[in-house]
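Participant: Before we start, here is the structure in question, set down as structure tokens.
The values are calculated or read from the model by the stated rules, or taken from the named source; none is laboratory data. As the structure is a prediction and not an experimental result, all values here were calculated from the model. For the accessible areas, the whole protein counts, side chains as well, though only heavy atoms, and no ligand, DNA or RNA atoms are used. Shrake-Rupley method; radii C 1.70, N 1.55, O 1.52, S 1.80 Å.
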Amino acid sequence: RAMLWSLIRTMESWIHGAQSTCCPFHDSVAVAKASIDMLEGFSCAPRFQARGNMQCQKCGILMTHKGPAQPQTGDGQAGDVGDGRICKMCGCPQLRFVTLERLQPTPSPGANRVKL
């Protein structure tokens, strides 16, 4: 679900001029699909990886915290709960500092129906 909201937020930042469907939202979906089709044709990228140093414990989205770590406990290492930070996607206050080895996969897109 968080990945869908992230994609929607990204689509909201596009100015593409497409007007071929029923509404601006579905115009953006069509542009996103065309973009994914183009990406599938790109060469493999073995170094591609998730980016971020904090992960929401509710929706799984990654965020980057800049500046000194100020966790409630510990010293900002992986697993420490962020001090007063909230998820930009779902508003949950349960963020954890993570390293790439500790990243948790998000639920599969079909696991929950998305209500827009």
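Participant: Can you name the number of the only condition in (1) more than 17 Å from the chain's Cα centre (by Cα); (2) closer than 30 Å to Thr99 by Cα; (3) outside any helix (DSSP H, G or I) that Ala18 fails?
Facilitator: If we test Ala18 against (1) more than 17 Å from the chain's Cα centre (by Cα); (2) closer than 30 Å to Thr99 by Cα; (3) outside any helix (DSSP H, G or I), just (2) comes out false.
Participant: A further question on this structure: Filter the range 3-54 for residues that are among the hydroxyl-bearing types (Ser, Thr, Tyr) and open to solvent by 70 Å² or more (accessible area, probe 1.4 Å) and give the result. Spell out how you get there, then give the answer.
Facilitator: Narrowing the range 3-54 to residues among the hydroxyl-bearing types (Ser, Thr, Tyr): 6, 10, 13, 20-21, 28, 35, 43.
Result: Ser13, Ser20, Ser43.
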